[in-house]
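Quick notes on the structure that follows.
Please treat every number below as a calculation from the coordinates, not as lab data. From a predicted model like this one, the values you see are computed outputs, not experimental measurements. All Cβ positions, even for glycine, are placed from backbone atoms using ideal geometry, and neighbour counts span all protein chains on display.
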Amino acid sequence: MLSQPGRIFPPLNRVCCIPLLAGILACCQVALAQAPSCTSAGPQGVVTYGTSGTLDFYAYGVQSANTVYFPTWSDVNGQDDIVWYQGVNQGGGTWKGTVNLANHRPGNPDYGLIYVHVWMVGSETVFCGTANFTRAVAAAPSCTSAGPQGVVTYGTSGTLDFYAYGVQNAARVVFPTWSDVNGQDDIVWYEGVNQGGGTWKGTVNLANHRPGNPDYGLIYMQVWMFGAESVWCGSANFTRAASQAPQAVSVTPSSGSGLGPQTFQFTYSDPNGYADLASVYGRFSATASDVGACSFRYDRASN
């Protein structure tokens, strides 16, 4: 199966004779160089998902070798992709061969068994051993869910965080986001951050949808995972509603008489949350007129 570099090697020992006198020969035995040897090749059983980059293989305990080769080819279509990688002497009897994965096969990688043989060249060409490996198809990314779901916000600035859960086999997770207004003209691909434990977080900047003229209504937020393949994880669409004015809800008690003292409780509501309330007002009056009325203003920031 495997061709060796074309060379002719002499036997290990040779006897040379020189005639001195009639019927008398002077002979001597010439010892030739020792044939190369090694103890092992490895590592064994390597599995890779790479289609580019390199893998290093070794010949150990090498003696009497001038050069060590690491011919490598895939099990697909015979030896049509064979490359004879020349080893580098690491010292101490160890030689290293570096296999370029992209060579097997450029643009159309072979999967399955890939042969790595080790040949030593010295006074003879000697087979050292094998360090075959397997290139497997990487598993596609997967996830269990994306969320949270059903978020409603009134914000036109600030951020919202969304998550992909149970993510496996993904090198990247992105959170493309765009409003339902005018298609995807405001789409932003937010890069996810790995939180560990299979959870990735994407942070949506609300001001990006749309700067200076915010879109309201449905905003799409999708989750895509990238690894051996590009795989959709799910969606966590949310709604941005138009801000509504605060409302006065009630006052307790709602009426009274006399000089008091009396404690009143005023209740207000704001769809944007209590933090949206800057100031509230109240008025005491026996009639709808402001004449004779008593008013107050409460500034939340200063109290």
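Test of understanding: in a Gaussian network model of the chain with alpha carbons linked when under 10 Å, which of Ser255, Ser123, Ser235 would top the mean-square fluctuation ranking?
Looking only at Ser255, Ser123, Ser235, the biggest GNM fluctuation is shown by Ser255.
In percent, how large is the relative contact order of segment 40-135, given Cα pairs closer than 8 Å and 6 or more residues apart?
37 percent
Let me know the volume per residue of the alpha-carbon convex hull for segment 145-240, in Å³.
Residue-normalised Cα hull volume stands at 82 Å³.
To the nearest µm²/s, what D does Stokes-Einstein give for segment 40-135 at 25 °C and 0.890 mPa s, using the Kirkwood radius over alpha carbon pairs as Rh?
184 µm²/s
With the chain treated as a Gaussian network of Cα nodes joined by springs under 10 Å, which of Thr252, Thr177, Thr48 yields the largest mean-square fluctuation?
Thr252
Can you compute the charge dipole magnitude of the chain about its Cα centre, using +1 on each Lys and Arg Cβ and -1 on each Asp and Glu Cβ, nothing else charged? Give it in debye, rounded to the nearest 20.
For the chain, the charge dipole is close to 620 debye.
Given a Förster distance of 51 angstrom, what is the FRET efficiency for Ala248 paired with Val47, based on the Cβ-Cβ distance and rounded to 0.05?
0.15
Using DSSP to call loops (not H, G, I, E or B), can you name the chymotrypsin sites (Phe, Trp or Tyr not before Pro) in segment 42-109 whose Cβ has at most 16 other Cβ atoms within 10 angstrom?
Tyr49
If we count other beta carbons within 10 Å of each Cβ, what is the order of Glu124, Glu191, fewest first?
Lowest to highest Cβ neighbour count: Glu191, Glu124.
Which net charge results when you count Lys and Arg as +1 and Asp and Glu as -1 among the other residues whose beta-carbon is under 15 Å from that of Ile219?
After counting each charged neighbour, the total is -3.
By average Cβ neighbour count within 10 Å, what is the ranking of 125-134, 193-202, 242-251 from highest down?
125-134, 193-202, 242-251
Kirkwood Rh, Cα Rg: Rg to Rh for the chain?
Answer for the chain: 1.45.
What distance in nm separates the two pseudo spin-label positions at Tyr298 and Asp161, each 7 Å out from Cα along the beta-carbon direction?
3.2 nm
Pairs of alpha-carbon atoms within less than 8 angstrom and 6+ residues apart define the contacts here; what relative contact order does the chain have, in percent?
12 percent
Counting Lys and Arg as +1 and Asp and Glu as -1, each charge on the Cβ, what is the dipole of segment 145-240 about the Cα centre in debye, to the nearest 20?
Using only the charged Cβ atoms, the result is roughly 180 debye.
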